[in-house]
Each structure stands twice: as structure tokens, then as C-alpha cells.
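Participant: Below is one structure. I have some questions about it.
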Amino acid sequence: MGHPLRHLPWAAALWLLLASVAALAADAPGGAPRVTRPVIEPARGGQCVEDPATMRREHMNYLKHQRDETVHGGVRGAKYSLKTCIQCHASQTTQSVAATPSNFCVSCHSFAAVKIDCFECHATQPAATTSFHPLVHPTGTTAQLTRLVRAIGAEPAPAPSKP
């Protein structure tokens, strides 16, 4: 049994060698990346709620936790609200986080091959109104159910606020 290239024609062996060198050169420091990195437009606001490295790793966990707090507890306007993210990260050009491939959310999620399902229900642009969704409005269904649960004593009432 001889060398594996012995059975290949010399042109094919040369091509394989050049392709290998090109692949290694592309991965070398300072070489051109093989995958185009996402283009992240600068945010409108100042400091993000967490450092960028933490947000890249954990944003989905923060958003899921905040979603549960909002849907089940009616807690709105908290530190990790999707609305706040959209207000800060919407493109200056499209006014959206998901309208074009270069917009904030789409850019990174396309790079990571992750489907964004937030915007099946939520707006991709900052809202011009501060109105509540009917289910979480202070007089809506969720608020009524919360008051009923507290009334039967299954959950303690919050401490009254002082004027």
C-alpha cells in the first residue's frame, strides 16, 4: 500500500494541495474570514442593559423570563423588555429590527441560523402609542384574574403604596 496521492493524477493532486492551502490561509489570523460576520448597526441609546458579550449569550433567556413575568404577572417596562430592545436597536433607516437582512435582530439570527419567532406577534418597530394589549391592561382579563386569585387568598396582596 503506497501513498494515497500515488493513484491520483498529478493535476488532481496539485488542485487538492492548492485547495488545502487556500482553506488554511482563510482561517489564518489576519486572513479573510470564510463566513461573513453579521453587520450590527449602532444602537440609538447609550449603554445596553448588559455588556454585549452577555447579551449575545443570554438575551433569549432574559426575554423568555421577562415574557413570563409580563404574561403571567402583568409586569411591564422591566429591564429586559422586548419593547425597550426594539426602541434602542431599530435601524435609523428602516425604523425596524427585522425589516431587512442588515437590521439588528435579523443580522445576527441569520448568521447563527436561528429562527426569530418574536415578531410573529410583536411589532418590529418602536410603537407610537403606549396602549396596553387588552389581556394585560389593568382592567383586562389578566388583571381581573389576578385580583380574583388574591381575593380568595391563594396569593398575598401587594403592600399598599403610600401617596
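Participant: Using a basic spin-label model with each label point 7 Å from the Cα along Cα→Cβ, how many nm lie between Thr100 and Glu120?
Facilitator: 2.7 nm
Participant: Sticking with this one: Once R0 is set to 25 Å, what does the formula 1/(1 + (r/R0)^6) return for the Cβ-Cβ distance between Glu58 and Val35, expressed as a FRET efficiency to the nearest 0.05?
Facilitator: 0.65
Participant: How charged is the neighbourhood of Glu69? Take every other residue with its Cβ under 11 Å from the Cβ of Glu69, and add Lys/Arg as +1 and Asp/Glu as -1. Can you show the working numbers first?
Facilitator: Values: positive: Lys64, Arg67, Arg76, Lys79; negative: Asp68.
The answer is +3.
FYI, it's all coordinate maths here, none of it is from the lab. Computed from a prediction, not measured in an experiment: that's the story for all the values here. Positions of Cβ are backbone-derived with ideal geometry, glycine not excepted, and every protein chain shown enters the neighbour counts.
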